[in-house]
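To start, the structure itself, in structure tokens.
The values are calculated or read from the model by the stated rules, or taken from the named source; none is laboratory data. All of these numbers come straight from a predicted model, not from anything done at the bench. Note that we place each Cβ from the backbone using ideal geometry, even for glycine, and neighbour counts take in every protein chain shown. Each accessible area value is taken on the protein alone, full model and side chains, heavy atoms only, with ligands, DNA and RNA left out. Shrake-Rupley method; radii C 1.70, N 1.55, O 1.52, S 1.80 Å.
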Amino acid sequence: MASQDVARANAQFPGSNSLYVGNLAPEVQEPSLMEIFSQVGPVSLVRVCRDNVSRRSLGYAYVNYTTPEHAKDALERFNAEPLENRPMRVAYVNRDPSSRRSGSGNTFISNLAKTIDERSLLETMAQFGKVISVKISSDERGVSRGYGFVQFGSEQEASEAINKLNGMTLEGQTIKVAPYKSKIQRVQDKEQNFKNIFIKGLPPTFTDDDLKNLFEPFGKISRLTVRKTEAGVAKGFGFVEYEQHESAAEAVAKLNDHKVDDAHSLHVERALSKAELNEKKRLRNPRNEGQPNNLYVKHLDDTTTEEALRNLFSPFGNIKSIRIMRDDKGNVKGFGFVSFDTSDAATKAATELNCCFFGSKPLYVAKFQTKEQRQRHLQSLFRQPQPARYAPYPAYPFGAPPMAMPVGYPTNPPFAQAFSQRRGPQGPQGNRLPRAGPYPGAPVGPGGVPGGPGAPGYNRNPRASAQAGGVPRQGGARYQAQPPPQQQRAAEFSAQSLASLPPDQQKQMIGERLYNKIFPRNGPKTGKITGMLLEMDTAELLHLLEDDAALQVKEQEALKVLNEHKA
């Protein structure tokens, strides 16, 4: 019989020596799982899955056995067993994503007694077929919410369990068993079968009789109410429940936006559950992490007004609200927020208007992020497995003077080298960023090579010259170079001059200047900090070059991430 079960598992789940272990406490690590699961046989691998950024446990793991027989024994022995006060969910690894998403054989059980746990529910359900997984939903204190999910090996077994268990009394309560439905399916069912409707926008003098006279023409009403304050004044909303869904649907279609009088227009919709209302409030919250409609706009001039901002953003879609942040004296703080009706309009506006000149500065436009999101973004950039991105840099901020350059003029600072490695192949031919050559006007040697043999100041042994204080061995005068006018002018760049350069060269120029500003404060950590900051938008980087206080704030954020990673 055991061999038949193993063969069945192999047929349903190829490679069934692998187990999924879920509902794990955050403190559960590989050694404790290895100790538990090796009790039934040799374990070849245990892996707890973790978040890429925080490295915290995601609450599930994988355990691989050397034989399917041991995996089957572990599944029967440890499924629903408590570990750190949580029942483990043990199941065969299903590598077919379509099968996992289909919900085949999955059932939903409600009205469970609080005393029923996963183990007792598993034993009850196992009488009707092969149970793959059992889960009872619980709150943060571990108390059962009264419902759960059981997945059977086949639809036939699930149907048999539904027919025999639905309406059965278990631990003194009549349970309900039905096929599992996804969230989308449940919403669709509510839309197609609702009988209860919500009405708001009612006048303060509206009574239950007024509400009945307004809604009774569409069908027979089971009950209705106009919500009132303790003083008996209508709150402006109420509920109506019909006996038939068709009556409720007709009332919503015909009375939504209906004008009761000149000052009051009704809003009529399907009555939402508490969970649906909470989700709706969450989506309306402008600080919501999942809200894709809000934009953050920075680098606003002191004279910027909401009307000017609306004229700029309105071509991309309908705007819900615009707010420019001001101080106590009414002065513009330099940033604001724009909220669109749709995420598509917000995305298009951010794409088109980012780095667009508005007044005297290029705007920085991006999707709104909370402080926690920005912190996580910096952490993810730092933790990505790309060693060349944040390569360490020598203590000398510009490296040793190159052979083809006069003393004191670096051709390729270490930051530019690391940045070139970080960016990787570019262009249709896969060329990397060009190495920074000698400054314009450098001495030219034979063959037109700048700084080559024959050029003034050239020496085949620059190390010996450096050791001698820059004086050539042959007694020639030391070549003391002065910055040419072209180099001085190149150092003074702006957003307008950068706009004519390719994006890679823009980042390289900005990065070199950032490195110089950051190095005096951070020393050997400058390279890592600069690499992290370069992930920001070009307009934001220009602002950091102009505003040293803002740059120091970003430096502190980057240092915090570095210190957390080191800890």
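Quick look at the numbers
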read-out: Breaking point among (1) modelled with pLDDT under 75; (2) more than 28 Å from Ser54 (Cα to Cα), for His565; value: (2)
read-out: Boolean, Val21 is in contact with a Ser or Thr (Cβ under 6 Å, 6 or more places away or on another chain) and either open to solvent by less than 70 Å² (accessible area, probe 1.4 Å) or of a type in the set (Lys, Arg) (or both); value: no
read-out: Filtered residue count, region 331-359, keeping only those that are part of a helix (DSSP H, G or I), open to solvent by 40 Å² or more (accessible area, probe 1.4 Å) and within 25 Å of Leu542 (Cβ to Cβ); value: 4
read-out: Count of region 24-44 residues which are modelled with pLDDT under 90 and open to solvent by less than 60 Å² (accessible area, probe 1.4 Å); value: 1
read-out: Lys130 vs. criteria touching a residue at least 24 places away in the same chain (Cβ under 8 Å), open to solvent by 60 Å² or more (accessible area, probe 1.4 Å) and in contact with a helix residue (DSSP H, G or I) (Cβ under 8 Å, 6 or more places away or on another chain); value: yes
read-out: Single residue of region 52-72 satisfying the filter (open to solvent by 40 Å² or more (accessible area, probe 1.4 Å) and of a type in the set (Ser, Thr, Tyr)) that is nearest to Glu35 (Cα to Cα); value: Tyr62
read-out: Any hit, region 360-367, residues being modelled with pLDDT of 80 or more, in contact with a His (Cβ under 6 Å, 6 or more places away or on another chain), under 21 Å from Leu542 (Cβ atoms) and not in a loop (DSSP other than H, G, I, E, B); value: yes
read-out: In region 528-557, residue nearest to Lys371 (Cα to Cα) [restricted to those that are aliphatic (A, V, I, L, M) and open to solvent by 10 Å² or more (accessible area, probe 1.4 Å)]; value: Val553
read-out: Yes/no for Arg47 being part of a strand (DSSP E or B) and either at pLDDT 75 or above or aliphatic (A, V, I, L, M) (or both); value: yes
read-out: Subset of region 306-330 (residues that are in a strand (DSSP E or B), under 18 Å from Asn294 (Cβ atoms) and not hydrophobic (A, V, I, L, M, F, W, C)); value: Lys320, Ser321, Arg323
read-out: Any hit, region 173-187, residues being within 37 Å of the chain's Cα centre (by Cα), in contact (Cβ under 8 Å) with a residue 60 or more places away in the chain, surrounded by fewer than 14 Cβ atoms within 10 Å (Cβ to Cβ) and not in a loop (DSSP other than H, G, I, E, B); value: yes
read-out: Count of region 245-260 residues which are closer than 11 Å to Lys195 by Cα and not β-branched (Val, Ile, Thr); value: 7
read-out: Selection count, region 107-154, where residues are part of a strand (DSSP E or B), among the small types (Gly, Ala, Ser) and farther than 17 Å from Thr174 by Cβ; value: 3
read-out: Search result, residues across region 202-222 that are surrounded by fewer than 16 Cβ atoms within 10 Å (Cβ to Cβ) and either over 21 Å from Ser265 (Cα atoms) or without any contact (Cβ under 8 Å) to a residue 60 or more places away in the chain (or both); value: Pro204, Thr205, Thr207, Asp208, Asp209, Lys212, Asn213, Glu216, Pro217, Lys220, Ser222
read-out: Residues (open to solvent by 90 Å² or more (accessible area, probe 1.4 Å), in a loop (DSSP other than H, G, I, E, B) and within 12 Å of Lys195 (Cα to Cα)) located in region 223-244; value: Gln244
read-out: Sole residue being assigned to a helix (DSSP H, G or I), among the basic types (Lys, Arg), closer than 27 Å to Val297 by Cα and open to solvent by 70 Å² or more (accessible area, probe 1.4 Å), chosen from Lys525, Lys560; value: Lys560
